[in-house]
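Notes for the one structure printed next.
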Amino acid sequence: MDFKQQYSWEFLSPEEIEQRSIRALRNHIRHIRQISPWYGEKLENIEPDDIKTVDDFRLIPFTERKDLEGNPDCFHCVTEEQIVETVITETQNRKQIPFILTVTDLDRIAYYEALSFHSTGINSSDRAQILVNMDMMSNIAMAYYRGLITLGVNTMRSGLLPVDMHKYNIQSLSPTVLIGEPSYLKKLAVELQKFSFDTRNSSVEKLICTVESLRTPDMNLSPNGNILEELWGAQIYSTYTSPEISASYCDCTEQNGGHSHPELVFTEIIDEKGNSVPDGTTGELVATPLGVEGMPLLRYKTGDITFAVSGKCSCGRNSIRIGPILGKKSQLFKLNGTTVYPLTITNALDQLDEVKDYILIVENESSLTDRVFLHVAAPASCIEKISNQIRTAANVSFPILISNTTTIQAFRKNPGKNMHILDCRKKG
Ligand SMILES: [Zn+2]
C-alpha cells in the first residue's frame, strides 16, 4: 500500500480533530452494534446519534481484558473466510488471547506504524533492522515490519541472533535504525564493544525502543535511556503498544511524548472510578481503535498507567500524546497510604552504578498498605545510599536485602525477561 501521511488528522486543529473523532466514534458504535455479538448486547440501549460530544461517549461502558479472556469469540465480527492471520497478545503471567486479523486490519496496522515511524524522522532512505522475534504469533514485530515496508524503508528482520552475527549484519548492511527492547539493545552494545566494535560510531543513528519506557515524567531520558544513548551514540525513541488496541504511541522528532493517530484510535485517561482526568494527571490509558474489522473494541482499558499531553507539539502535530508508561495498574502498590508507581522506583535504582540487578517483591498486607521487599545485587555498604535514593524519588521506604544476581534471576519466572517487579499479591 502507498504511504500517504496527508491522510492523517494529526496536523488538523484540535477542534477539527475532536469533531472528526466524535463522528468516527458514532459510526464505530453504529457499526459494531450491528455486527458484534458482544457489543450488540452491551450497546442495546445506546443510540449512536445521541453521541454528540466526547462527554456523551464517556457514558459508554468500558471493555476489560477479562471480557476478552472469557469470551474471545464473542468479539469476532467477520466470517472465517475473511480472517487472514491470527496473533496472540502478550502472555507474561496472563492468559493468552488470540486476535484475528483481516487484510484490511493488516493494512491498517501497516499504515499506523508507518505514521509512527514517520514521526521519528525515519524515511525511505533509511535501513532498519528489527531485533525482535517475528515468530511466536507476535503481532508487534509483524506490525513494525509492515509499517517500515509501507514507509518504503529497507527493512531487515534480524530477530535475536548471536552477537557475532549481529556484528556482521550491522557492519555489512549499515542499518541507520535498530528496533528492539532496551535491555536487549543495551546488552548487545556491551557485547559488541567486547568484539572491538565501536557502537558509538557505527551506522546506527536511531534506536526505536519497545516495551520499556525510556523517559521520565518530565520527558527527559531515563537513566537507562541515557545509557543506551551513550552506548550507541544514537537518538532514542520510545514506542508503546498494547496489542489489543492495534495502535501504538511513538515519540516524534521532538521526543516530547508518544503521539496518537486520532483517525485510528480515540484516547482517554481515566481515574480509578472511570472518570476522565485532566492533562498531566496520571491514570489508566483507555483506547478505542477505529477502523478495525476482525475484533473491534470500544473503550478498552489497557491496564497501563500514564498521562495525556494535549496541545500543539513543536513538531506541528495536534494529536494527543501520552507520557511514559509509569507501570501497570495491577502493579501499583500502596505503602502507608501512598500510591507508588513502579517506574519511579526502577528509575531511581537505575541511576545507581553500584546496583547491578534488583527485584522488588510486592505482597499483600492489608487493604491500606502492601508489603514490599527489595532484593538488590549491590555492596552492603550501599544500603543507606539506595534507601535515600528511593525516599527522594518516591517518598517511601521498605526493607532492602543485599543479594546477588543469581538469586535475583531465580525469582524471575521467565529468565529471558529483565523483570524488576514480582507481584505476589492475591487479587481480591
Ligand atoms: Zn510531536
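A few comments on the model shown:
- Check on residue 41, free of Cβ contacts under 8 Å to residues at least 24 places away in the same chain and under 18 Å from residue 262 (Cβ atoms): no
- Output for the stretch 144-180, where each listed residue is part of a loop (DSSP other than H, G, I, E, B) and either outside the structural domain of residue 88 (by TED's automatic domain parsing) or hydrophobic (A, V, I, L, M, F, W, C) (or both): 153, 160, 161
- Qualifying residues in the stretch 182-217 (those that are assigned to a helix (DSSP H, G or I) and under 21 Å from the mean Cα position of the chain (by Cα)) - the one farthest from residue 282 (Cα to Cα): 187
- Screening the stretch 1-79 for helices (runs of 4 or more DSSP H) wholly inside it with 1 or more residues that are within 25 Å of the chain's Cα centre (by Cα) returns the ranges 14-35, 54-57, 65-70.
- Pairs meeting the criteria (first residue in the stretch 100-125 and more than 14 Å from residue 237 (Cβ to Cβ), second residue away from the ligand (no atom under 16 Å from the Cβ) and in a strand (DSSP E or B), beta carbons under 7 Å, at least 6 apart or on different chains) are 100/86; 101/85; 101/87; 106/85; 112/247.
- Lone qualifier among 402, 359 - being within 29 Å of the chain's Cα centre (by Cα), of a type outside the set (S, T, N, Q) and not assigned by TED's automatic domain parsing to the domain that holds residue 304: 359
- Residue list for the stretch 321-336, restricted to those being surrounded by fewer than 19 Cβ atoms within 10 Å (Cβ to Cβ) and either charged (D, E, K, R) or not in a loop (DSSP other than H, G, I, E, B) (or both): 328, 329, 330, 334
- Screening the stretch 320-370 for residues that are at pLDDT below 90 and of a type in the set (Lys, Arg) and picking the one that is farthest from the ligand (Cβ to nearest atom) gives 334.
- Filter pass, residue 179 being within 30 Å of residue 96 (Cβ to Cβ) and either crowded, with 24+ Cβ neighbours inside 10 Å or among the hydrophobic types (A, V, I, L, M, F, W, C) (or both): yes
- Residue 397 out of contact with any Leu (no Cβ under 9 Å at 6 or more places or on another chain) and either over 21 Å from residue 412 (Cα atoms) or away from the ligand (no atom under 16 Å from the Cβ) (or both): no
- Identity of the residue in the stretch 393-411, among the polar types (S, T, N, Q) and under 17 Å from residue 336 (Cβ atoms), that ends up modelled with the highest pLDDT: 397
- Of the candidates 128, 141, 114, the single residue that is within 21 Å of the chain's Cα centre (by Cα), in the same structural domain as residue 66 (by TED's automatic domain parsing), in a helix (DSSP H, G or I) and at pLDDT 95 or above is 114.
- Qualifying residue in the stretch 262-275 (condition: in contact with a helix residue (DSSP H, G or I) (Cβ under 7 Å, 6 or more places away or on another chain), under 23 Å from residue 206 (Cβ atoms) and within 16 Å of the ligand (Cβ to nearest atom)): no
- Applying the condition of being in a helix (DSSP H, G or I) and farther than 18 Å from residue 186 by Cα to the stretch 218-257 and asking which residue is nearest to the ligand (Cβ to nearest atom) yields 245.
- Among residues of the stretch 305-319 being surrounded by 22 or more Cβ atoms within 10 Å (Cβ to Cβ) and over 18 Å from residue 5 (Cβ atoms), the one that is farthest from the ligand (Cβ to nearest atom) is 305.
- Residue in the stretch 92-104 that is under 19 Å from residue 180 (Cα atoms) and at pLDDT below 95 present: yes
Let's see how each residue does on (1) touching a Lys or Arg at 6+ places or on another chain (Cβ under 8 Å); (2) not aromatic (Phe, Trp, Tyr):
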| position | (1), (2) |
| --- | --- |
| 324 | yes, yes |
| 332 | no, yes |
| 335 | no, yes |
| 350 | no, yes |
| 358 | no, no |
| 378 | yes, yes |
| 389 | no, yes |
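The values are calculated or read from the model by the stated rules, or taken from the named source; none is laboratory data. Quantities reported herein were computed from a predicted structural model and do not represent experimental measurements. Counting neighbours? That spans all protein chains shown, and the Cβs are built from the backbone with ideal geometry, glycine included.
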